[in-house]
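Student: Would you mind keeping the following structure in view while I ask a few things?
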Amino acid sequence: MEKLRHISGSIVGLPVNDIDTDQIIPARFLKVTDKAGLGKAAFCDWRYLEDGETPNPDFILNQPDYAGASVLVAGNNFGCGSSREHAPWALLGAGFKAVISTDFADIFRNNALKNGLLPIVVDRDTQQQLFSLAEEAPGTEVSVDVEAQALTLPDGRRVNFPLDGFSKYCLLHGVDQLGYLLALDGDVRAFEASNPQRVKTTV
Amino acid sequence: MTENGRPRTLFEKVWHAHTVREQSDDTPAVLYIDLHLVHEVTSPQAFSMLRERGLAVRRPDQTIGTMDHSTPTTPRNDLGVIPIADAMAALQLDTFSRNCRDFGIPMYALGDEHQGIVHVIGPEKGLTQPGMTIVCGDSHTSTHGAFGALAFGIGTSEVGHVLATQTLLQNKPRTMAINVDGRLGDGVTAKDIILAIIARIGIGGGTGKVFEYRGEAIRSLSMEGRMTVCNMSIEGGARAGMVAPDDTTFEYMRGRRHAPSGAEWDAALAHWRSLPSDPGATFDQEITLRADELIPMITYGTNPGMGMPIDGAVPAPADEPDVNKKIALDKALDYMDLSPGQQLLGKAIDVVFIGSCTNSRITDLRQAARFMDGRKVADSVRMMVVPGSQQVKMQAESEGLHEIFRAAGAEWREAGCSMCIAMNGDQLRPGQYAVSTSNRNFEGRQGKGGRTFLASPLTAAASAVAGAVADPRVMLAN
């Protein structure tokens, strides 16, 4: 994973609550064995007309004003539904570096953080302000300081957001969490030595 | 079983017993995982990561694989083989076979007599046991909580963590007690309980929490019913839902392939009996529903929280004060092509799907078959019955249930996830309406442009006969 210290980019709004992972990437795109190339499938059923190829001109991500947007502002409870990590893979593939919402579904948030896609939780007023800015002034840019856990709006206002210390460390230093777990092998051995194996699948 | 005299919940006991390293200000807790279930869709990138880093699977003897999501459910050919028409699915299944073989993980392949939906086979084989920690790269892993296990879905990176280390980094969730008091009326089932809960708390209501389902109505459910309830905990936003183990649990487990036996059974039983929440244990939040006030439930919208009693009317966006919710409801009704105030009873449908990790177990099929016996699927409806596993299929066939479904005009298929996730070619056509016993009614979930009404197997069967959304209680009374 690459280090993630600062993000600056233009915003695009999807003011829809409860955007589920089937919208972020429909299940028919999950018949893959790697992570690459999923950007085209992001929001596929909203982004393309019925033929699955012609861009839907009404969908906001297809409008030239928002080309290159890298910060998605979404309705409440973004990423609900399945555990598919293909959702953050698709969003990253489509050029997003951060998603802003009032709250995120648990598994999506975990998956996003493990891939360097930053889920930014803001209060409702900030979310609504960002929706308005995105609509009224396409190309509006925001900046994010991961270390300070701060989102800076175009008017200079800084909004702090929560980020657990461990995820923050991993983002700032570009390390993945597996290395940490592998280093605990001694603790795991001790645990196994003092607890019975509950079930054996190989018999 | 109190710690320092403080009463503990079922969740706290299981969490504490699996903590390799406590949570601190800087790091999440490290949890030990007793059982890891893997399937073809969310594992390939995790196995690739192991290969890239030269890592082994730490405990293949605590890992089990099955093929379920992208497998066809079309009937076997003359050679007894289930043909795979989709080249991408075939490659994914091949990759999974190779990964399980190379890393020493036991696996049930397509066509094997033990193959099936991952959340059906775990319990059916006795792999799922009270007090365990169970994970899988699938959000419906919450199903296994019906046994008093702490079971939750994880992403593919975490699948890799568990394969390599048998542990997982987790921040401790909060707890929520959901009491369902009283008794269910005739024609009202476990599915109606969970749809009512989600309609009440909303699909984000359980975010960051673990549910414990309690009360007389939950205690009265079969294990299959409890699995249906726990299965949809994720649709309420909770990663896990649990039911305290009791005699119903132990009776279900006794004699199953991987369940303990002999002296080990007695020791396990003593452990399992210590798991239920202590009297006086407190939860971060608590809600109560009355089972005797419930009637069959159905969803009208594009998320599982958009549900109502089956005799209800579709709500009006104009009545919704919250602007974001109003937009979502507007969008949902537009997609579903429904009008505010419209009744769903009598709404013509095209497809009925009985299956999925929510409702494909033997009791679900028995309920539906009992209803279909002597009745016919309406001419305008395609009804698919997809057993959750090969074992469920064999059991149903030994009871003659497949003959009842076929005589009624329904399709009797091979085991798998099928039209719940519509990855395998079993899907709705654009604009079609389905009454489905699955768990998600998201836009396009059962096929691009398809429209899903979630309901119980009984409501699905009644609707298949009527050719329209129907209340099973009316036909049961006749």
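Student: Any residue in the range A:174-203 that's more than 18 Å from B:Asn171 (Cα to Cα): show its pairings with residues that are among the acidic types (Asp, Glu) and surrounded by 18 or more Cβ atoms within 10 Å (Cβ to Cβ) at Cβ separation under 6 Å, as long as the two are six or more apart or on different chains.
Tutor: A:Arg198/B:Asp34
Student: Can I ask one more? Please indicate, with yes or no, whether at least one residue in the range B:372-381 is buried (at least 24 other Cβ atoms within 10 Å of the Cβ), farther than 23 Å from B:Met232 by Cα and either at pLDDT 95 or above or aromatic (Phe, Trp, Tyr) (or both). First the steps, then the outcome.
Tutor: We begin by selecting, within the range B:372-381, every residue buried (at least 24 other Cβ atoms within 10 Å of the Cβ); these are B:372.
Checking which are farther than 23 Å from B:Met232 by Cα leaves us with B:372.
Cutting the leftovers down to either at pLDDT 95 or above or aromatic (Phe, Trp, Tyr) (or both) gives us B:372.
Yes, the range B:372-381 contains at least one residue that is buried (at least 24 other Cβ atoms within 10 Å of the Cβ), farther than 23 Å from B:Met232 by Cα and either at pLDDT 95 or above or aromatic (Phe, Trp, Tyr) (or both).
Student: Pairs, please: C-beta under 6 Å, at least 6 apart or cross-chain, first residue within 23 Å of A:Arg198 (Cβ to Cβ) and in the range B:51-67, second of a type in the set (Ser, Thr, Tyr)?
Tutor: Partner pairs satisfying both residue conditions: B:Arg58/B:Thr165; B:Asp61/A:Thr201; B:Asp61/A:Thr202; B:Ile64/A:Thr201; B:Thr66/B:Tyr108.
Student: Checking the structure you have, find out if any residue of the range A:139-160 is in a loop (DSSP other than H, G, I, E, B), free of Cβ contacts under 8 Å to residues at least 12 places away in the same chain, under 30 Å from B:Leu37 (Cα atoms) and not hydroxyl-bearing (Ser, Thr, Tyr).
Tutor: For the range A:139-160, residues in a loop (DSSP other than H, G, I, E, B), free of Cβ contacts under 8 Å to residues at least 12 places away in the same chain, under 30 Å from B:Leu37 (Cα atoms) and not hydroxyl-bearing (Ser, Thr, Tyr): absent.
Student: Here is a check on your reading of the model: is A:Leu151 more than 16 Å from A:Ile19 (Cα to Cα), surrounded by 23 or more Cβ atoms within 10 Å (Cβ to Cβ) and away from chain B (no Cβ under 14 Å)?
Tutor: Values: more than 16 Å from A:Ile19 (Cα to Cα): yes; surrounded by 23 or more Cβ atoms within 10 Å (Cβ to Cβ): yes; away from chain B (no Cβ under 14 Å): yes.
So A:Leu151 fits the description; yes.
For (1) among the β-branched types (Val, Ile, Thr); (2) in contact with a Leu (Cβ under 9 Å, 6 or more places away or on another chain); (3) at positive phi, each residue gets a yes or a no:
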{"site": "B:Pro7", "(1), (2), (3)": "no, no, no"}
{"site": "B:Arg21", "(1), (2), (3)": "no, yes, no"}
{"site": "B:Leu37", "(1), (2), (3)": "no, yes, no"}
{"site": "B:Val41", "(1), (2), (3)": "yes, yes, no"}
{"site": "B:Gln45", "(1), (2), (3)": "no, no, no"}
{"site": "B:Leu50", "(1), (2), (3)": "no, yes, no"}
{"site": "B:Leu55", "(1), (2), (3)": "no, yes, no"}
{"site": "B:Thr66", "(1), (2), (3)": "yes, yes, no"}
{"site": "B:Pro75", "(1), (2), (3)": "no, no, no"}
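Student: Follow-up. Suppose we filter B:Arg429, B:Arg375, B:Arg440 for residues that are within 14 Å of chain A (Cβ to nearest Cβ), over 21 Å from the mean Cα position of the chain (by Cα), of a type in the set (D, E, K, R) and part of a loop (DSSP other than H, G, I, E, B); which single one remains?
Tutor: Working: B:Arg375 fails: within 14 Å of chain A (Cβ to nearest Cβ); B:Arg440 fails: over 21 Å from the mean Cα position of the chain (by Cα).
After ruling out the rest, the residue left standing is B:Arg429.
Student: Of the conditions (1) in a loop (DSSP other than H, G, I, E, B); (2) β-branched (Val, Ile, Thr); (3) surrounded by 18 or more Cβ atoms within 10 Å (Cβ to Cβ), A:Val188 satisfies every one except a single condition; which number is it?
Tutor: For A:Val188, the failing item is (1).
Student: Can you confirm whether the range B:26-42 contains a residue that is away from chain A (no Cβ under 11 Å), more than 25 Å from B:Lys125 (Cβ to Cβ), over 25 Å from the mean Cα position of the chain (by Cα) and modelled with pLDDT of 95 or more?
Tutor: no
Student: Would you pick out the residues in the range A:61-106 that are within 14 Å of another protein chain (Cβ to nearest Cβ), part of a loop (DSSP other than H, G, I, E, B) and either within 30 Å of B:Cys357 (Cα to Cα) or not hydroxyl-bearing (Ser, Thr, Tyr) (or both)?
Tutor: Result: A:Gly75, A:Asn76, A:Asn77, A:Gly79, A:Gly81, A:Ser82, A:Ser83, A:Arg84, A:Glu85, A:Asp103, A:Ala105.
Yes/no per residue for (1) modelled with pLDDT of 95 or more; (2) over 21 Å from B:Trp412 (Cβ atoms); (3) buried (at least 22 other Cβ atoms within 10 Å of the Cβ):
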{"site": "B:Ala46", "(1), (2), (3)": "yes, yes, yes"}
{"site": "B:Met49", "(1), (2), (3)": "yes, yes, no"}
{"site": "B:Gly54", "(1), (2), (3)": "yes, yes, no"}
{"site": "B:Ile84", "(1), (2), (3)": "no, no, no"}
{"site": "B:His114", "(1), (2), (3)": "yes, no, no"}
{"site": "B:Val120", "(1), (2), (3)": "yes, no, yes"}
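Student: If you don't mind, there's one more thing I want to ask. Suppose we filter B:Thr133, B:Thr128 for residues that are crowded, with 20+ Cβ neighbours inside 10 Å, of a type in the set (Ser, Thr, Tyr), more than 22 Å from A:Phe104 (Cβ to Cβ) and touching a Gly at 6+ places or on another chain (Cβ under 8 Å); which single one remains? Spell out the reasoning first.
Tutor: On the way: B:Thr133 fails: touching a Gly at 6+ places or on another chain (Cβ under 8 Å).
Testing whether each residue is crowded, with 20+ Cβ neighbours inside 10 Å, of a type in the set (Ser, Thr, Tyr), more than 22 Å from A:Phe104 (Cβ to Cβ) and touching a Gly at 6+ places or on another chain (Cβ under 8 Å) leaves just B:Thr128.
Student: Suppose we keep only residues that are within 23 Å of the chain's Cα centre (by Cα) and surrounded by fewer than 22 Cβ atoms within 10 Å (Cβ to Cβ) within the range B:295-336. Which one would you say is nearest to the other protein chains (Cβ to nearest Cβ)? Show your work before the answer.
Tutor: So the first thing to find is which residues in the range B:295-336 are within 23 Å of the chain's Cα centre (by Cα), and the list is B:295-310.
Adding the requirement that they be surrounded by fewer than 22 Cβ atoms within 10 Å (Cβ to Cβ) leaves B:295, B:308-309.
Details: B:Ile295: 25, B:Met308: 17, B:Pro309: 22 Å.
Among those residues, the one meeting the criterion is B:Met308.
Yes or no, residue by residue, for (1) within 30 Å of B:Gly137 (Cα to Cα); (2) over 18 Å from the mean Cα position of the chain (by Cα):
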residue: A:Asn115; (1), (2): yes, no
residue: A:Asp125; (1), (2): no, yes
residue: A:Leu130; (1), (2): no, no
residue: A:Thr140; (1), (2): no, yes
residue: A:Asp145; (1), (2): no, no
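Student: Restricted to the range B:136-157, and to residues that are in a helix (DSSP H, G or I) and within 7 Å of another protein chain (Cβ to nearest Cβ), which residue is nearest to B:Gly126 (Cα to Cα)? Let's see the steps before the verdict.
Tutor: Our first condition is that a residue be in a helix (DSSP H, G or I); within the range B:136-157, this holds for B:139-147, B:156-157.
Next, from what is left, pick out any that are within 7 Å of another protein chain (Cβ to nearest Cβ): B:139, B:156-157.
Values: B:Ser139: 21, B:Thr156: 25, B:Ser157: 27 Å.
By that ranking, first place goes to B:Ser139.
Student: Condition first: closer than 26 Å to A:Gln177 by Cβ and out of contact with any Phe, Trp or Tyr (no Cβ under 8 Å at 6 or more places or on another chain). Can you find one or more residues in the range B:185-204 that meet it? Write out each step before concluding.
Tutor: To start, the set of residues in the range B:185-204 that are closer than 26 Å to A:Gln177 by Cβ comprises B:204.
Within this subset, residues satisfying the condition of being out of contact with any Phe, Trp or Tyr (no Cβ under 8 Å at 6 or more places or on another chain) are B:204.
Yes, that holds for at least one residue.
Student: If you check every pair at least six apart or on different chains, which have Cβ atoms under 8 Å apart with a residue in the range B:308-328 that is within 29 Å of B:Val188 (Cβ to Cβ) first and a residue that is of a type in the set (D, E, K, R) and not in a helix (DSSP H, G or I) second?
Tutor: Here the result reads B:Ile310/B:Asp471; B:Asp311/B:Asp471; B:Ala328/A:Asp18, each pair linking the range B:308-328 to a residue that is of a type in the set (D, E, K, R) and not in a helix (DSSP H, G or I).
Student: Further question on the same structure: When you go through A:Ala67, A:Ala42 one by one, which is the residue that is at pLDDT below 95, out of contact with any Pro (no Cβ under 7 Å at 6 or more places or on another chain), over 25 Å from A:Leu172 (Cα atoms) and aliphatic (A, V, I, L, M)?
Tutor: Numbers: A:Ala42 fails: at pLDDT below 95.
From the options A:Ala67, A:Ala42, the qualifying one is A:Ala67.
Student: Any idea which residue in the range B:390-430 is modelled with the lowest pLDDT, counting only those that are in contact with a Ser or Thr (Cβ under 8 Å, 6 or more places away or on another chain) and among the polar types (S, T, N, Q)?
Tutor: B:Asn424
Student: Same structure, new question: Filter the range B:237-280 down to residues that are in a helix (DSSP H, G or I), in contact with a Ser or Thr (Cβ under 9 Å, 6 or more places away or on another chain) and in contact (Cβ under 8 Å) with a residue 40 or more places away in the chain, then give me how many there are. Let's see the steps before the verdict.
Tutor: The first filter runs over the range B:237-280 and keeps only residues in a helix (DSSP H, G or I), leaving B:247-253, B:263-273.
Next cut, in contact with a Ser or Thr (Cβ under 9 Å, 6 or more places away or on another chain) only: B:248, B:252-253, B:272.
Now drop any that are not in contact (Cβ under 8 Å) with a residue 40 or more places away in the chain, which leaves B:252-253, B:272.
Residues in the range B:237-280 being in a helix (DSSP H, G or I), in contact with a Ser or Thr (Cβ under 9 Å, 6 or more places away or on another chain) and in contact (Cβ under 8 Å) with a residue 40 or more places away in the chain: 3 in total.
Student: Let me ask something else about it. Looking only at strands (runs of 3 or more DSSP E) that lie completely in the range B:1-81, which have at least 3 residues being closer than 18 Å to B:Gly155 by Cα and touching a strand residue (DSSP E or B) at 6+ places or on another chain (Cβ under 8 Å)? Even if it seems obvious, please write down each step before you answer.
Tutor: Numbers: elements: B:19-21, B:29-32, B:35-38, B:63-66.
Of the strands (runs of 3 or more DSSP E) lying wholly inside the range B:1-81, those with at least 3 residues that are closer than 18 Å to B:Gly155 by Cα and touching a strand residue (DSSP E or B) at 6+ places or on another chain (Cβ under 8 Å) span B:29-32, B:35-38, B:63-66.
Student: Quick check on my filter: what residues within the range A:168-185 are within 9 Å of another protein chain (Cβ to nearest Cβ) and either among the hydroxyl-bearing types (Ser, Thr, Tyr) or not in a helix (DSSP H, G or I) (or both)?
Tutor: Filtering the range A:168-185 down to residues within 9 Å of another protein chain (Cβ to nearest Cβ) leaves A:169, A:176-178, A:180-182, A:184-185.
Matches in the range A:168-185: A:Tyr169, A:Asp176, A:Tyr180, A:Leu184.
Student: If you scan the range B:186-198, which residues turn out to be away from every other protein chain (no Cβ under 14 Å) and either within 18 Å of A:Asp18 (Cβ to Cβ) or not small (Gly, Ala, Ser) (or both)? Steps first, answer last, please.
Tutor: Kept after step one, since they are away from every other protein chain (no Cβ under 14 Å), are these residues of the range B:186-198: B:186-197.
Correct list: B:Asp186, B:Val188, B:Thr189, B:Lys191, B:Asp192, B:Ile193, B:Ile194, B:Leu195, B:Ile197.
Yes/no per residue for (1) of a type outside the set (Gly, Ala, Ser); (2) surrounded by fewer than 23 Cβ atoms within 10 Å (Cβ to Cβ):
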residue	(1), (2)
B:Val385	yes, no
B:Gln395	yes, yes
B:Gly400	no, yes
B:Met423	yes, no
B:Ala434	no, no
B:Phe442	yes, no
B:Phe453	yes, no
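The values are calculated or read from the model by the stated rules, or taken from the named source; none is laboratory data. The structure displayed is predicted, hence computed values, not measured ones. Virtual Cβ from ideal backbone geometry, glycine too; neighbours counted across all protein chains shown.
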